[in-house]
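The values are calculated or read from the model by the stated rules, or taken from the named source; none is laboratory data. Bear in mind that the values here come from a model prediction, so they are computed numbers and not experimental data. With ideal geometry, Cβ positions are generated from the backbone for all residues, glycine too; neighbour counts draw on all protein chains shown.
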Amino acid sequence: MAKSAAYSNTKSFSSIPIFLFVVSLTVLLYTSTFAEAGEGDASAFAKKTISSHSIVIFSKSYCPYCKKAKAVFKELKQKPYVVELDERDDGWSIQDALSEIVGRRTVPQVFINGKHIGGSDDTVEAYENGELAKLLGLSAKKDDL
């Protein structure tokens with residue numbers, strides 16, 4: 001009898017790895033489902049933001065290239081809608097979504113009337129060649145930044 005009791009205890013311990021595997025798999029599936037939902041939400045947020053505002057800059061508050069792009073619009077006396085990704089809990093997901101939308105993960109990413117302009121260098125170039133003013137319906141005038 002004592003032998004069978006010891007055997008049954010060993011048998012119950014052998015089910016622990018299976019139990020842990022099932023729990024781990026459940027957690028993994030649960031978190032990946034929410035990660036995908038968050039990415040979908042981030043993509044929807046990015047697309048809605050782009051379509052809802054005439055000028056949108058996806059930025060990071062400390063980024064010198066983002067500051068340069070924002071300065072272009074200040075020079076033109078235009079107020080962009082700025083999404084500071086580093087100041088949002090979902091900023092990383094939004095940046096991933098932007099990567100899927102425009103093929104770039106870098107910041108800034110600038111949109112005018114739903115059209116992707118590009119990053120800082122693209123925005124400055126569009127400003128300098130008058131394309132930015134044209135897209136904004138402004139008379140073309142430029143000063144050095």
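Do the conditions hold for residue 127, that is, is it closer than 24 Å to residue 44 by Cα and touching a helix residue (DSSP H, G or I) at 6+ places or on another chain (Cβ under 8 Å)? Before the answer, list the steps.
Details: closer than 24 Å to residue 44 by Cα: no; touching a helix residue (DSSP H, G or I) at 6+ places or on another chain (Cβ under 8 Å): yes.
Spelling it out, it is not the case that residue 127 is closer than 24 Å to residue 44 by Cα and touching a helix residue (DSSP H, G or I) at 6+ places or on another chain (Cβ under 8 Å).
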Set 79, 134: member being part of a helix (DSSP H, G or I) and among the basic types (Lys, Arg)
134
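Among the residues of the range 76-100, what is the count of those that are loosely packed, with under 15 Cβ neighbours inside 10 Å and of a type outside the set (Gly, Ala, Ser)? I'd like the intermediate steps shown before the answer.
Going through the range 76-100, the residues loosely packed, with under 15 Cβ neighbours inside 10 Å turn out to be 77, 79, 81, 86-89, 92, 99-100.
The next check asks that each one be of a type outside the set (Gly, Ala, Ser); those that pass are 77, 79, 81, 86-89, 92, 100.
So the count comes out to 9.
Out of the range 40-75, which residues are among the polar types (S, T, N, Q), surrounded by 15 or more Cβ atoms within 10 Å (Cβ to Cβ) and in a helix (DSSP H, G or I)? Break it down into steps so the answer makes sense when it comes.
Restricting attention to the range 40-75, the residues satisfying the condition of being among the polar types (S, T, N, Q) are 43, 49, 51-52, 54, 59, 61.
Checking which are surrounded by 15 or more Cβ atoms within 10 Å (Cβ to Cβ) leaves us with 43, 49, 54, 59.
Those that are among the polar types (S, T, N, Q), surrounded by 15 or more Cβ atoms within 10 Å (Cβ to Cβ) and in a helix (DSSP H, G or I): 43, 49.
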Of (1) of a type in the set (A, V, I, L, M, F, W, C); (2) surrounded by 10 or more Cβ atoms within 10 Å (Cβ to Cβ); (3) modelled with pLDDT of 70 or more, residue 35 fails just (3)
Considering residues of the range 110-137 that are among the β-branched types (Val, Ile, Thr) and crowded, with 20+ Cβ neighbours inside 10 Å only, the residue nearest to the chain's Cα centre (by Cα)
110
